[in-house]
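The block underneath contains the structure these notes are about, expressed in C-alpha cells.
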Amino acid sequence: MSAFQWSPPDVRPSFADNYFFAAQPDTDAGDRLVKLGHRLKDKHRLTGRVFGRPRLHVSLLPIHPGQLNLAHVAAAEVSAPAFSAMFDQALSFARNTRNHPFVLTGGDPSNFEILRDALFAAAMDLDMSIRRSSFTPHMTLLYDEKCVSQEPIERIDWPVCEFVLIHSYIGRHRYEILGRWPLATS
C-alpha cells in the first residue's frame, strides 16, 4: 500500500456536498446522450432540465467527505478491466418525492458491478466507512415530476476506460473531477 497523500490547495471537503466514484461517457457519447435526453424530454413532455455532458455519469460508490485522501489511495489500488457500457432502455425511477430521476439503463450490468466491487474492496482494505447498497447501473438524464414507464430506446454504447472521483456541488448544478484512474486495457 502506498503512502500517497492528496492535498489539492483549492479543494476543501464540504459536508453539504456529495462525493462519489463514477464512470463518465466520452465526449462523443456524451453529446449523443444529451441529444437523446432532449428528444425523450420532448416526446414525454417532461419539464425538467436535461443534464449537460459534464454532469452525465454512472455512479459507482459514494465517498464520505472526510475520507477523500483515503479515496484517492483506494482508487490507486483498483485493478479492473476497461469495458463497453450500453444503454437501451429509458424509464423513471419512482420515488416518494416530486422529483423522479429519468434514467437510461440496459445492457449487461456485470462490468459496472466488477468495477464497483473493486472500488468497494479497495475502500474496505483501508477501513473506509462505505455503505454497500443495492446497485442498478444507470445514467440520469434529468429529474421531473412526471413518471415515465420503461421503454426501449436507440442503443448508445461508450467505452469505459477510466473512473473518476466527482465533487457534486449540491444545488449549484456543478461537478468537479477530483481524480481520474485508468482501467486496464488488454
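The values are calculated or read from the model by the stated rules, or taken from the named source; none is laboratory data. The shown structure was predicted, so the numbers you read here are calculated from the model rather than taken from an experiment. As a convention, Cβ positions derive from the backbone with ideal geometry for all residues, glycine included, and neighbour counts pool all protein chains shown.
Screening residue 105 with (1) loosely packed, with under 15 Cβ neighbours inside 10 Å; (2) modelled with pLDDT of 95 or more gives one miss only, at (1). Going through segment 135-178 one residue at a time, which ones are small (Gly, Ala, Ser) and touching a helix residue (DSSP H, G or I) at 6+ places or on another chain (Cβ under 9 Å)? Once the filter is applied, which keeps residues that are small (Gly, Ala, Ser) and touching a helix residue (DSSP H, G or I) at 6+ places or on another chain (Cβ under 9 Å), segment 135-178 yields only 168.
Results for (1) within 21 Å of residue 33 (Cβ to Cβ); (2) under 12 Å from the mean Cα position of the chain (by Cα), shown as yes or no for each residue.
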| position | (1), (2) |
| --- | --- |
| 109 | yes, no |
| 112 | yes, yes |
| 120 | no, no |
| 168 | yes, yes |
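Residue pairs whose Cβ atoms lie under 6 Å apart, separated by 6 or more positions or on different chains, with the first residue in segment 34-54 and small (Gly, Ala, Ser) and the second outside any helix (DSSP H, G or I), are 37/50; 37/141; 48/142; 48/143; 48/144. Taking segment 122-137 as the range and being of a type in the set (A, V, I, L, M), farther than 11 Å from residue 61 by Cα and either part of a helix (DSSP H, G or I) or within 15 Å of the chain's Cα centre (by Cα) (or both) as the test, the residues that pass are 122, 124. Among 144, 157, 127, which is the only one that is among the acidic types (Asp, Glu) and within 17 Å of residue 84 (Cα to Cα)? Exactly one residue qualifies, and that residue is 157.
Within segment 88-100, the presence of a residue that is of a type in the set (S, T, N, Q) and part of a helix (DSSP H, G or I) is excluded.
In segment 53-67, the residue that is surrounded by the fewest Cβ atoms within 10 Å (Cβ to Cβ) out of those that are in a loop (DSSP other than H, G, I, E, B) and modelled with pLDDT of 95 or more is 57. Within the option set 120, 163, 102, 135, being touching a Leu at 6+ places or on another chain (Cβ under 7 Å) and free of Cβ contacts under 8 Å to residues at least 60 places away in the same chain holds for one residue only, 120. Candidates are the residues of segment 73-87 that are in a helix (DSSP H, G or I) and surrounded by 19 or more Cβ atoms within 10 Å (Cβ to Cβ); the one that is nearest to the chain's Cα centre (by Cα) is 75. The residue list 125, 88 contains one member that is charged (D, E, K, R) and under 19 Å from residue 37 (Cβ atoms), which is 88. Residues being crowded, with 17+ Cβ neighbours inside 10 Å and under 22 Å from residue 100 (Cα atoms): count how many of those fall in segment 168-186. Selection size over segment 168-186: 2.
Residue 148 falls short on exactly one of the conditions (1) without any contact (Cβ under 8 Å) to a residue 60 or more places away in the chain; (2) outside any strand (DSSP E or B), and that condition is (1).
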